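*Asks:* So that we are looking at the same thing, I have put the structure below in C-alpha cells.
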Amino acid sequence: MLGRLHVLTDARPGRDAVAVARAALAAGAPLFQVRVEDGVHDRDFLDFAAEVRALCRVYGATCLINDRVDIALAVQADGVHLGAFDLPVSVARRLLGSSAIIGATSRDAAGARAALVDGADYVGVGPCYHTSTKDGLPDPIGPAGLELAAHVGLPAIAIGGVTLERVPELLEAGAYGVAVVGAVNSADDPGVATKALLKALS
Ligand SMILES: Cc1ncc(COP(=O)(O)OP(=O)(O)O)c(N)n1
Ligand SMILES: Cc1ncsc1CCOP(=O)(O)O
Ligand SMILES: [Mg+2]
C-alpha cells in the first residue's frame, strides 16, 4: 500500500540529509523520496540515492527517486516521482516495469486525469501553500485547488508548505497523504516531527 507520509530529502548544503532520513525512518516514515538540488553531479546523486535506498531497506520503507529513472534503476529503488519536464510516465513505466511505483506532479484536475490515463500510481498535487524550499513555483492552490485534483481516481499527495497543523484541512479536501521537506528536515527533532505527522494522517 502506498505510504501516506512522503518525506523528501533536503540535500541543500550544510544539512545532514542522511541523518534526517535515519531518524525519520526509525520513527516510522513509510516512504522516502530522494530529491537533490539542481546541478548535483550524477555520481553524487547516485551515491546519495544508494545510501538512502539502503536505509529504506533496513526500515522496510519505500524508496522513490525524484526525476531520474536511470538512478532509480541503478539503486533498485521502488519507483520514481516525475514532473512535467521529466520522462513521461508511460516511458518510465516501460523502463521500470509494472510493479514500480510511479508518481506524477499535477496542479489541477486535468493534470491528475492525464496522470491517471498515463498509468501513474499517485499524483503529487501542489504547491498547496507557499514554500521557501523550492523557487519558481506558481501560486499556491490551497485546499480548494487540491480538492479538484484529489477526486479523479488517483491517490493525491499534497505538497508545498505542508505543516502538521495543515494536515487536517488537506485530508478534509481529499488528500490521501502529504509530502514534506521542511516539516521533517527543518524540525528540531525529525523523529518527533515524523511521528506527529503520522499520527495526524492516521
Ligand atoms: C510527491 C511529490 N509531488 C510533487 C513533486 C514535485 O515534482 P516536480 O514538479 O518534478 O519538481 P521537483 O521536485 O523535481 O523539483 C515531488 N517532487 N513530489
Ligand atoms: C518539491 C516541491 N514541489 C512543490 S513544493 C516542493 C517543496 C516542498 O517543500 P516544503 O515541504 O518544505 O514546503
Ligand atoms: Mg521533477
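*Asks:* Would you pick out the residues in the stretch 1-29 that are open to solvent by 70 Å² or more (accessible area, probe 1.4 Å) and assigned to a loop (DSSP other than H, G, I, E, B)?
*Replies:* MET1, ARG4, PRO13, GLY14, ARG15, ASP16 - these are the residues of the stretch 1-29 that are open to solvent by 70 Å² or more (accessible area, probe 1.4 Å) and assigned to a loop (DSSP other than H, G, I, E, B).
*Asks:* Quick check: is even one residue across the stretch 159-177 open to solvent by less than 20 Å² (accessible area, probe 1.4 Å), under 21 Å from ILE102 (Cα atoms), without any contact (Cβ under 8 Å) to a residue 40 or more places away in the chain and outside any loop (DSSP other than H, G, I, E, B)?
*Replies:* Looking for residues that are open to solvent by less than 20 Å² (accessible area, probe 1.4 Å), under 21 Å from ILE102 (Cα atoms), without any contact (Cβ under 8 Å) to a residue 40 or more places away in the chain and outside any loop (DSSP other than H, G, I, E, B), one finds none in the stretch 159-177, hence no.
*Asks:* Only one of PHE32, PHE85, PHE45 is under 18 Å from the mean Cα position of the chain (by Cα), within 16 Å of ligand 2 (Cβ to nearest atom) and surrounded by fewer than 16 Cβ atoms within 10 Å (Cβ to Cβ). Can you tell me which?
*Replies:* PHE85
*Asks:* Output the residue which, of all residues in the stretch 88-107 that are open to solvent by 10 Å² or more (accessible area, probe 1.4 Å) and hydroxyl-bearing (Ser, Thr, Tyr), is nearest to ligand 3 (Cβ to nearest atom).
*Replies:* That would be THR105.
*Asks:* Something else: Suppose we filter the stretch 50-82 for residues that are within 14 Å of ligand 1 (Cβ to nearest atom) and in a helix (DSSP H, G or I); how many remain?
*Replies:* Number satisfying all stated conditions: 3.
*Asks:* Another one. Just checking, how many residues over the stretch 64-82 are open to solvent by 10 Å² or more (accessible area, probe 1.4 Å) and within 10 Å of ligand 3 (Cβ to nearest atom)?
*Replies:* Residues in the stretch 64-82 being open to solvent by 10 Å² or more (accessible area, probe 1.4 Å) and within 10 Å of ligand 3 (Cβ to nearest atom): 4 in total.
*Asks:* Against the condition within 14 Å of VAL18 (Cβ to Cβ), within 16 Å of ligand 2 (Cβ to nearest atom), among the basic types (Lys, Arg) and surrounded by 18 or more Cβ atoms within 10 Å (Cβ to Cβ), how does ARG53 come out, does it pass? Don't jump to the end; show me each part of the working.
*Replies:* Values: within 14 Å of VAL18 (Cβ to Cβ): yes; within 16 Å of ligand 2 (Cβ to nearest atom): no; among the basic types (Lys, Arg): yes; surrounded by 18 or more Cβ atoms within 10 Å (Cβ to Cβ): yes.
The answer is no for ARG53.
*Asks:* Would you check if PRO138 is free of Cβ contacts under 8 Å to residues at least 40 places away in the same chain, surrounded by fewer than 18 Cβ atoms within 10 Å (Cβ to Cβ), within 16 Å of ligand 3 (Cβ to nearest atom) and in a loop (DSSP other than H, G, I, E, B)?
*Replies:* Considered against the rule, which asks whether it is free of Cβ contacts under 8 Å to residues at least 40 places away in the same chain, surrounded by fewer than 18 Cβ atoms within 10 Å (Cβ to Cβ), within 16 Å of ligand 3 (Cβ to nearest atom) and in a loop (DSSP other than H, G, I, E, B), PRO138 comes out as yes.
*Asks:* Another question, if that's okay. Restricting the search to the stretch 90-106, which residues are touching a Leu at 6+ places or on another chain (Cβ under 8 Å) and under 15 Å from ILE71 (Cα atoms)?
*Replies:* ALA92, LEU95, LEU96, ILE101, ILE102 - these are the residues of the stretch 90-106 that are touching a Leu at 6+ places or on another chain (Cβ under 8 Å) and under 15 Å from ILE71 (Cα atoms).
The values are calculated or read from the model by the stated rules, or taken from the named source; none is laboratory data. Remember, predicted model here, so these are calculated numbers, not experimental data. Please note: Cβ atoms are built from the backbone with ideal geometry, for glycine as well, and neighbour counts cover all protein chains shown. Note: areas computed on protein heavy atoms with side chains; ligands, DNA, RNA excluded. Shrake-Rupley method; radii C 1.70, N 1.55, O 1.52, S 1.80 Å.
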